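What follows is a single structure, written as structure tokens, with notes after it.
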């Protein structure tokens with residue numbers, strides 16, 4: 001769980017970036033998928049939201065990827081008590097092990113809980 005602490009109102013509300021028709025068309029499937037996964041939700045015009053962050057589309061080999069501006073989250077983050085282990089330390093512990101697994105964190109990234117009530 002990601003520890004979040006908020007003693008003050010959100011500092012950053014950024015309007016949407018301008019997008020080309022090609023980028024807008026490519027953005028729709030990404031948004032629909034995240035809404036289906038309940039990562040995003042539709043907000044009404046007068047409904048208050050805690051933060052707004054623009055997204056942009058990046059292209060690589062004619063495939064689109066949605067990139068969000070989430071710098072605001074760093075303002076509310078509480079640093080971890082323990083540092084991330086170094087790769088050398090991890091590989092030292094894995095020496096002569098029989099099984100090594102990996103985790104695809106593409107969808108798992110959106111599963112992080114931002115509030116202690118989750």
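The values are calculated or read from the model by the stated rules, or taken from the named source; none is laboratory data. All figures in this text were calculated on a predicted structure; none of them were measured in a lab. Please note: Cβ atoms are built from the backbone with ideal geometry, for glycine as well, and neighbour counts cover all protein chains shown.
Kindly indicate the residue of region 24-51 that is surrounded by 13 or more Cβ atoms within 10 Å (Cβ to Cβ) and free of Cβ contacts under 8 Å to residues at least 40 places away in the same chain and also nearest to the chain's Cα centre (by Cα) among those meeting that condition. Walk me through how you get there before you give the answer.
Filtering region 24-51 for residues surrounded by 13 or more Cβ atoms within 10 Å (Cβ to Cβ) gives 26-27, 30-31, 33-34, 39-40, 51.
Among the residues that remain, those that are also free of Cβ contacts under 8 Å to residues at least 40 places away in the same chain are: 26-27, 30-31, 33, 40.
Details: 26: 18, 27: 16, 30: 13, 31: 13, 33: 14, 40: 11 Å.
Only one residue tops the list, namely 40.
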Task: Test for residue 79: is it modelled with pLDDT of 75 or more and assigned to a loop (DSSP other than H, G, I, E, B) - done: no
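What do you reckon, is residue 114 part of a loop (DSSP other than H, G, I, E, B), in contact with a helix residue (DSSP H, G or I) (Cβ under 9 Å, 6 or more places away or on another chain) and at pLDDT below 85? Even if it seems obvious, please write down each step before you answer.
Details: part of a loop (DSSP other than H, G, I, E, B): yes; in contact with a helix residue (DSSP H, G or I) (Cβ under 9 Å, 6 or more places away or on another chain): yes; at pLDDT below 85: yes.
Yes; evaluated as a whole, the condition is true for this residue.
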